[in-house]
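Below: the structure, in structure tokens.
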Amino acid sequence: MNIKMLILVFLIVYLALSLPALFGIGLVIDWVPEATLLQKINGYVLIGLTDNYLFKCVMAGLISIVLQLVMFKRQRN
């Protein structure tokens, strides 16, 4: 198995699972009126990447392993 591809697929799947939270879908944050755009972006990115991190890590790990096994099996044939 190629470890670089495994890590790349893991990161892509993790980011794909984080996209709804990164865009604020299903997320309500009460911002103070003085919050700057940079503070809001920082808040959404941090919450989007860290919310349900364990579930996202497990799912990304399983998907990347399955994809690597499928690719390895195709290369052997």
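The values are calculated or read from the model by the stated rules, or taken from the named source; none is laboratory data. Predicted, not measured: the structure shown is a model, and the values here were computed from it. Using ideal geometry, Cβ is built from the backbone for each residue, glycine included, and neighbour counts are taken over all protein chains shown. Heads up: the accessible areas ignore ligands, DNA and RNA and are worked out on the full protein's heavy atoms, side chains in. Shrake-Rupley method; radii C 1.70, N 1.55, O 1.52, S 1.80 Å.
Here G24 fits the description: at positive phi and either without any contact (Cβ under 8 Å) to a residue 40 or more places away in the chain or out of contact with any His (no Cβ under 7 Å at 6 or more places or on another chain) (or both). Within the stretch 22-40, being open to solvent by less than 90 Å² (accessible area, probe 1.4 Å) and in a helix (DSSP H, G or I) holds for L22, K40.
Rundown of residues vs (1) more than 23 Å from L6 (Cβ to Cβ); (2) of a type in the set (G, A, S); (3) at pLDDT 85 or above, yes/no style:
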residue	(1), (2), (3)
A16	no, yes, yes
L19	no, no, yes
P33	yes, no, yes
T50	no, no, yes
F55	no, no, yes
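I3: within 16 Å of the chain's Cα centre (by Cα) and open to solvent by 70 Å² or more (accessible area, probe 1.4 Å), yes or no? Taking the combined requirement at face value, the residue does not satisfy it.
Tell me, please, whether a residue that is of a type outside the set (V, I, T) and either touching a strand residue (DSSP E or B) at 6+ places or on another chain (Cβ under 9 Å) or touching a residue at least 60 places away in the same chain (Cβ under 8 Å) (or both) can be found in the stretch 3-19. Within the stretch 3-19, one or more residues are of a type outside the set (V, I, T) and either touching a strand residue (DSSP E or B) at 6+ places or on another chain (Cβ under 9 Å) or touching a residue at least 60 places away in the same chain (Cβ under 8 Å) (or both). Can you find a residue in the stretch 53-62 that is exposed (fewer than 11 other Cβ atoms within 10 Å of the Cβ), under 20 Å from the mean Cα position of the chain (by Cα) and among the aromatic types (F, W, Y)? Among the residues of the stretch 53-62, at least one is exposed (fewer than 11 other Cβ atoms within 10 Å of the Cβ), under 20 Å from the mean Cα position of the chain (by Cα) and among the aromatic types (F, W, Y), which makes the answer yes.
Among the residues making up the stretch 44-77, those that are polar (S, T, N, Q) and in a helix (DSSP H, G or I) are T50, S64, Q68, Q75.
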